[in-house]
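K.L.:
I am attaching a structure below and will ask some questions about it afterwards.
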Amino acid sequence: MNSESQLLASQHQLLTEYRYKHNPIYRGYNNRLLYIDLDSMTVKEKQITPEIKEKFTGGRGFGLYYLWQAVTPQTKWNDPENEIVIAHGPLSGITQYPGAGKSLVCALSPLTHLPIDSNVGGYFGPFLKFSGFDALELQGKADNDVIIFIDGNEHEIRIETAPSEAIDSHILVEQLSDMYANNDDDKSSIAIVCSGTAAENCNIGMLNFSFWDKRRGCARLKQAGRGGIGRVFRDKHIKAIVCRYRGVNGDINNPAEKRLINTAGIRLHKEVANSDHLQNNMRKIGTANIIEVMDQYDLLPCYNYQFGSDPQTEKITSQVFIDNYVTQGVPDGCWYGCSLSCAKAVNNFLLRTGPYKGQRVCVDGPEYENAAGLGANTGTFDPDWILEANFYCDTYGLDTISMGTMTAFAMECFDRGIITLEHTGGLDLSWGNGESLCELMHQMSRGEGFGIIVGRGVREMKKIFVEEYGADKNFLEDIGMEQKGLEYSEYLMKESLAQQGGYALCNKGPQHDEAWLIFMDIVNNQMPTFEDKAEALYYFPLFRTWFGLLGMCKLPWNDITPADNKYSDDPAKVPGHVRNYCQVFEGVTGKSIAENDILKMSDRVYTFQRVFILRMGSGQRCHDKPPYRSLGPVTKEEYLSRENRYDKQLKEKTGIDPVAKSVEEKIAILRIWREQQFETLVDAVYKRRGWTPNGIPKLQKLEELGIDFPEVVAVVKPYLQAEGFWPDYAE
């Protein structure tokens with residue numbers, strides 16, 4: 001511990017100390033949860049029963065279940081009873097199969113006021129598991145900033161005051177890694193959850209989960225970005241959660257049959273070694289590999305989702321970042337054993353703005369979403385500004401996806417004269433102004449200026465611009481890219497009806513981690529009918545949900561594929577990898593499963609979440625309505641950018657000759673047709689999911705899944721009765 005860390009540690013006061021008995025993990029589970037009440041500073045353990053494991057599996061399932069128990073329909077995001085639940089899953093922490101370090105974080109969201117789930121890598125989830133707990137449940141509010149320390153080797157939990165450490169993540173994780181490690185080599189045993197100064201002031205606050213990068217000699221960050229959970233974290237006056245665990249090994253999960261895990265892992269490691277450089281180059285650039293691909297297919301969101309490509313994209317292609325920025329030749333896994341190594345970083349990046357101006361820092365990224373959202377969507381085709389904004393989002397605790405989409409909305413409003421320099425306090429929000437993009441973040445960190453208005457999110461901005469600035473409400477509803485209060489992630493979906501549904505029908509709000517169907521839909525034309533699309537919007541959200549139940553990353557599933565995958569019956573599902581997951585699950589838990597079992601595990605949690613959001617005031621068809629820009633062109637400029645395509649659709653799909661029509665008339669006609677197409681898709685998806693035409697899970701569906709608990713049935717009953725779907729036998 002250096003002298004600075006010693007001084008900081010000396011100012012801590014112990015508030016609570018709790019010792020527990022450690023029991024070995026058995027087949028992926030500890031069968032207990034760690035509960036902390038910050039109001040009373042009490043710590044206790046809860047048993048996770050076999051029934052809870054059967055119904056909710058782990059990860060996202062545990063998070064939603066315990067959050068449901070903690071809150072009422074009246075609970076607000078900043079009420080003490082709102083919880084943050086961090087959970088991993090039975091497969092989390094294995095080192096033989098790539099991508100097994102994931103955690104899921106759940107809370108009521110400041111943006112949506114609904115239960116949100118956000119997945120994240122890093123070491124914290126596995127370390128929490130190895131320390132003896134399948135989940136961490138945080139409730140209440142501390143009076144002042146605290147650090148929660150979990151020592152997994154000494155079997156001790158401490159809550160300490162933390163008056164003097166930094167709040168911004170890139171400094172705080174370095175301070176705490178030094179403070180709680182015995183020496184530099186021991187820093188790999190430290191994992192930290194924290195946020196940043198902007199999360200104290202903005203609804204888009206996120207959480208950083210750290211891991212120590214020995215090769216770079218610094219702490220790295222992975223983000224639980226969506227929904228503003230970082231704001232809940234700081235509202236509870238948690239400065240950080242630190243977990244220390246020494247002794248990671250391949251047997252620590254006490255699996256039923258390690259041979260099964262090893263053989264599946266070897267298959268995937270070979271595929272990565274032989275094919276990654278021929279497929280997506282994840283080991284060179286991570287998810288940013290698709291920037292130019294999205295531009296090529298007219299799918300890269302540009303200028304607040306108006307356009308799908310731009311000539312300036314050549315300035316921010318993945319090759320630009322490979323050649324000039326991202327460190328190469330470093331195995332960048334965010335958990336042990338992940339040969340995909342997609343957690344890329346830029347070393348020694350020189351900052352040009354803000355409180356850390358002139359300092360050289362390590363930037364985690366860019367991820368595709370960062371480059372697309374902070375870059376193309378705001379018209380900022382400059383890699384240096386993208387990386388600067390990327391860094392400040394991370395250290396200030398801001399969700400890069402929401403930040404990009406919110407700023408793009410504000411910039412379009414500025415471009416159209418809806419807001420002016422008078423409204424922004426003199427801040428020039430012209431397209432491509434990277435300095436102003438970063439200044440918004442600095443204002444969010446300081447808690448001042450127009451940045452605070454932007455930081456409320458697109459939904460709140462629309463309200464302010466209408467009520468205080470006299471903006472056209474209908475126009476803002478069309479171009480404001482949020483739904484249920486959550487900002488859209490960074491793909492243009494205008495030409496993919498399936499992806500429109502993939503976003504709009506998400507329980508938590510529009511996020512691509514449920515269903516990314518663009519290529520299947522519009523490039524490969526694998527879903528020609530509404531029924532085909534509905535089947536995909538049943539299967540893929542459930543399969544992707546499964547990763548969040550088990551503690552796995554989805555990227556090894558479909559960002560590296562077997563060489564013969566294209567010859568399989570259903571290549572989009574990557575059946576070879578589905579078999580791997582069934583084998584790994586059996587290897588850890590001892591339970592044999594097939595693909596249908598995966599879907600049923602997920603369906604329980606997915607349907608439960610639908611009932612949960614219904615309980616909290618959403619979850620009906622009206623709440624699944626998207627902004628029109630996600631369906632089609634709102635403005636003349638948008639229509640003209642694809643005029644030939646849209647004119648052809650009018651003629652072939654609606655039977656109307658566009659020649660004699662004005663652009664405005666064509667937009668209106670096309671809108672009627674596209675909205676009808678979307679509503680027909682919704683009908684098909686609801687039917688396939690076992691929901692009513694209003695989007696309510698039917699009683700038969702709840703019974704089939706075994707989640708027809710009295711409190712769940714009580715939520716859906718009045719809606720089912722109103723629609724005439726309450727069966728006589730249920731009385």
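K.L.:
Each residue of the range 162-168 in order: what ³J(HN,Hα) in whole Hz does its phi give by Karplus 6.51 cos²θ - 1.76 cosθ + 1.60, θ = phi - 60°, with x for Gly and Pro?
P.N.:
9, x, 10, 5, 5, 9, 4
K.L.:
Continuing with the same structure: With the cut-off at 22 Å, tell me which of the pairs 46/698; 102/214; 76/494 have Cα atoms farther apart than that.
P.N.:
Details: 46/698 32 Å; 102/214 20 Å; 76/494 34 Å.
In this structure, 46/698; 76/494 lie more than 22 Å apart at Cα.
K.L.:
Residue by residue, what Karplus-based ³J(HN,Hα) values in Hz, rounded to whole numbers, does the range 487-500 have, using 6.51, -1.76 and 1.60 with θ = phi - 60° and x for Gly and Pro?
P.N.:
Values per residue, Gly and Pro as x: 5, 5, 7, 9, 9, 7, 10, 3, 9, 10, 4, 5, 6, 4 Hz.
K.L.:
Also, quick follow-up: Please list the non-local residues whose amide H lies under 5 Å from the amide H of residue 353, H modeled 1.01 Å from N, same-chain partners needing a gap of 5 or more.
P.N.:
Counting only residues 5 or more places away or on other chains, the set is 358.
K.L.:
Compute the Rg/Rh shape ratio of the range 637-731: radius of gyration over Kirkwood radius, all on alpha-carbon atoms. It would help to have the intermediate numbers written out before the result.
P.N.:
Values: Rg = 20.9 Å, Rh = 16.4 Å.
Rg divided by Rh gives 1.28.
K.L.:
While we're on this one: Could you tell me the center-to-center distance, by alpha carbons, between the range 111-132 and the range 66-108 in angstrom?
P.N.:
One Cα centre to the other: 5 Å.
K.L.:
On to the next question. I need to check one value: relative contact order of the chain, counting alpha carbon pairs closer than 8 Å and at least 6 residues apart, in percent.
P.N.:
14 percent
K.L.:
Something else now. Roughly how many whole Å is it from the C-alpha centroid of the range 142-193 to that of the range 379-449?
P.N.:
32 Å
K.L.:
Shifting gears a bit: Between residue 345 and residues 5 or more places away or on another chain, which pairs have amide H atoms under 5 Å apart, with H built 1.01 Å from N, and which residues are they?
P.N.:
327, 365
K.L.:
Can you give the helix-only mean residue ellipticity at 222 nm for the chain, where every DSSP H stretch with n ≥ 4 adds -39500 (n - 2.57) and the sum goes over all residues, rounded to the nearest 500 deg cm²/dmol? Display every interim value, and only then the final one.
P.N.:
Numbers: 27 runs with 288 residues, N = 731.
That comes out to -12000 deg cm²/dmol.
K.L.:
Further question: Rounded to the nearest 5, what is the percent of antiparallel bridges among the DSSP beta bridges in the chain? Can you show the working numbers first?
P.N.:
On the way: 54 of 64 bridges.
Among the beta bridges of the chain, antiparallel pairing accounts for roughly 85 percent.
K.L.:
Using amide H atoms built 1.01 Å from N in the peptide plane, name the residues 5+ places from residue 726, or on other chains, whose amide H lies under 5 Å from its own.
P.N.:
For residue 726, the qualifying residues are 721.
K.L.:
Pop out the ³J(HN,Hα) list for the range 672-687 in order, Karplus 6.51 cos²θ - 1.76 cosθ + 1.60 with θ = phi - 60°, rounded to Hz; leave Gly and Pro as x.
P.N.:
Per residue, the Karplus-derived 3J(HN,Hα) values read 4, 5, 5, 5, 5, 4, 5, 5, 5, 4, 4, 4, 5, 5, 4, 4 Hz.
K.L.:
Can you pick out the pairs among 258/566; 53/129; 236/463 whose Cα atoms lie more than 20 Å from each other?
P.N.:
258/566; 236/463, as the Cα separations exceed 20 Å there.
Values quoted throughout were computed directly from the atomic coordinates according to the rules given, and no laboratory measurement underlies them. For clarity, every value in this text was computed on a predicted model and none was experimentally measured.
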